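The values are calculated or read from the model by the stated rules, or taken from the named source; none is laboratory data. As the structure is a computational prediction, the values presented were derived from the model and not from experiment. Cβ atoms come from the backbone with ideal geometry, glycine included; neighbour counts cover every protein chain shown.
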Number of protein chains: 4
Amino acid sequence: MARRRVRLEELVERGEGTTMIISVIGGHECTDEIARLSFDVGRVIAENGHILACGGLTGVMEHVCRGAKSAGGTTIGILPSTDKKDANPYVDIVIPTGIGLARNMIVVLSADVVVAVGGSFGTLSEIAYALQFHKKVFGLETKWHVSDDVEMLDGASMLGERLKRL
Amino acid sequence: MARRRVRLEELVERGEGTTMIISVIGGHECTDEIARLSFDVGRVIAENGHILACGGLTGVMEHVCRGAKSAGGTTIGILPSTDKKDANPYVDIVIPTGIGLARNMIVVLSADVVVAVGGSFGTLSEIAYALQFHKKVFGLETKWHVSDDVEMLDGASMLGERLKRL
Amino acid sequence: MARRRVRLEELVERGEGTTMIISVIGGHECTDEIARLSFDVGRVIAENGHILACGGLTGVMEHVCRGAKSAGGTTIGILPSTDKKDANPYVDIVIPTGIGLARNMIVVLSADVVVAVGGSFGTLSEIAYALQFHKKVFGLETKWHVSDDVEMLDGASMLGERLKRL
Amino acid sequence: MARRRVRLEELVERGEGTTMIISVIGGHECTDEIARLSFDVGRVIAENGHILACGGLTGVMEHVCRGAKSAGGTTIGILPSTDKKDANPYVDIVIPTGIGLARNMIVVLSADVVVAVGGSFGTLSEIAYALQFHKKVFGLETKWHVSDDVEMLDGASMLGERLKRL
């Protein structure tokens, strides 16, 4: 039977505040610059004691998971497909939805806070759902500043500051 | 047993061209101006021999269905809920998906052509899905001109002209 | 642009009673005997003036659509995939859901009456949903007599009799 | 902002073997006997070092989560609704899918092993999906022995024995 090892030894809370689920959304392909930013975003989320959720695949999704794991964080991957093996190797808990890109809505609903990094039309559908469900949305290096309710941030450390003040 | 009468007597093709499914997307609440525009859009779609699909509820969805029925057209309503009775009275064929706002993706996938009339964040999620799935998208009186691939039109008769030339 | 021709000339009501949507569920592969039964079920549904819905693919789904079209009926295919071209050639109105086998729930919710013909585990999930949503369920040559609420019928003409008395 | 506290301090792996996600399915209402059995099933899953997933609501879902937490386990609740607050208080990680009962498929897809405890038609739909996706299925005190592939067990400790031998 195909199984997936979940590295629970790292799932120890280290902060003092409230643990949130932060969903990071972005493209399955990205530039080197966006990859580095994604890694830093994942690291900052984990360093602040939060759980990372994302779509579980490649690109921004993989780099942000890698960043979170580098800081001992926990990661959730909400896949479009039915197969756990489609998750990138930095996902701890795999949720294979089997509902294709309709899973974009679940990535957003699972979040207390949504962070968009770069991204194309898939990311735009997630931002739209996030705004419709009244989630707090931050944007980094994304062109989808479609509403004043998308708060644009300049870098991962600024995200860290904002997370502390939520 | 709750049943819904489908007025099939009106489902006779009157044009000569290819019948398409045109999905109209827009808010469940709208101004009087958008209501009139929606009605005209529905009428134009039916007059051109096409089938109208939409989210099946109130606002733009109801006015566009009313317009299509006024011209003897056929209407499909793809509901978020599980209950056929939630459809507006101008829907012929009710598809109650039971998957909430994830049905936005199905409204778009059912279409050969997508037409946005006004609309808020729900409409934006549908435009995003439409662009991701490479559907032709027209926009009327909508602020969501998020890509050059959304072709903005000035009124329902201009939509009629464009439909003839697809 | 890929389009699908909907043969609306055949969508004229011929009966006097109420038009219902009847969803037929069954496997994508079937024996010759089940194929013949499926064809007859589709024919009977159309002859009684009802609209046929199904999962839109091969096997029971294709044979039942073929039967309905042979009697001038209307057919709806609710696909798991995102692509209209995956529908069998006897589907008039294609709803590509893109949500995989979660579309089984929508096949059931779209129905006023559900008819199971043969079928394996996918059909069982649909029967389960149908019973949960309090739909009337008929079974023909199916092993899934999982509840007294599944009314077993002996052949397509018996289904025709029962539909007249609903 | 509504947040949910995740008690990560308890998420430390204690076993030596492979951690699996075990999805327990059952009704949102249950008898006292099924409640006790559900509690024991949850406890056994946690004692064996596995993660529990379920539908996140009341009845079997709540009792099994309570059992898992009593043994320091980790719990995932995959909700039909859009609201994290609908989860029972013993759920650590809440996935609000917003897709209604179509989430039954996701409960099953998230699992390495599925365990049915009692249950009605909703549980039957989940067993059907589990068999269709070739998941290992155990049944306890359930009437849904619909296939030889549902392995019936006599009590929670027998489940514990079987989990060790997978």
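So if I check each of D:ILE51, D:ILE22, D:ILE34, which one is modelled with pLDDT of 95 or more and within 8 Å of chain A (Cβ to nearest Cβ)?
Just one listed residue meets the conditions, D:ILE51.
Take the residues in region B:3-19 that are β-branched (Val, Ile, Thr) and in contact with a strand residue (DSSP E or B) (Cβ under 8 Å, 6 or more places away or on another chain), then tell me which one is modelled with the lowest pLDDT.
Checking each candidate, the answer is B:VAL6.
Can you confirm whether region C:80-93 contains a residue that is without any contact (Cβ under 8 Å) to a residue 60 or more places away in the chain, under 20 Å from B:VAL107 (Cα atoms) and within 12 Å of the chain's Cα centre (by Cα)?
Yes - at least one qualifying residue is present in region C:80-93.
Please verify whether region B:96-112 includes one or more residues that are under 16 Å from B:VAL60 (Cα atoms) and more than 10 Å from every other protein chain (Cβ to nearest Cβ).
Among the residues of region B:96-112, not one is under 16 Å from B:VAL60 (Cα atoms) and more than 10 Å from every other protein chain (Cβ to nearest Cβ), which makes the answer no.
For region D:20-56, what are the residues that are among the hydroxyl-bearing types (Ser, Thr, Tyr) and surrounded by fewer than 22 Cβ atoms within 10 Å (Cβ to Cβ)?
D:THR31
Select from region C:27-53 the residues that are under 13 Å from C:GLY122 (Cα atoms) and either touching an Asp or Glu at 6+ places or on another chain (Cβ under 9 Å) or of a type in the set (Val, Ile, Thr) (or both) and list them in ascending order.
C:HIS28
Checking the conditions here, which among D:ALA102, D:ALA128 is hydrophobic (A, V, I, L, M, F, W, C) and over 30 Å from A:VAL113 (Cβ atoms)?
It is D:ALA128.
If I filter region A:115-134 for residues that are within 10 Å of another protein chain (Cβ to nearest Cβ), under 15 Å from the mean Cα position of the chain (by Cα) and closer than 24 Å to D:THR74 by Cα, do I get at least one hit?
no
How about region B:138-153: which of its residues are within 11 Å of another protein chain (Cβ to nearest Cβ) and under 17 Å from B:SER38 (Cα atoms)?
Matches in region B:138-153: B:LYS143, B:TRP144.
Identify the single condition in (1) in contact with a strand residue (DSSP E or B) (Cβ under 9 Å, 6 or more places away or on another chain); (2) modelled with pLDDT of 95 or more that C:LEU166 does not satisfy, given that it satisfies every other one.
Of the numbered conditions (1) in contact with a strand residue (DSSP E or B) (Cβ under 9 Å, 6 or more places away or on another chain); (2) modelled with pLDDT of 95 or more, the odd one out for C:LEU166 is (2).
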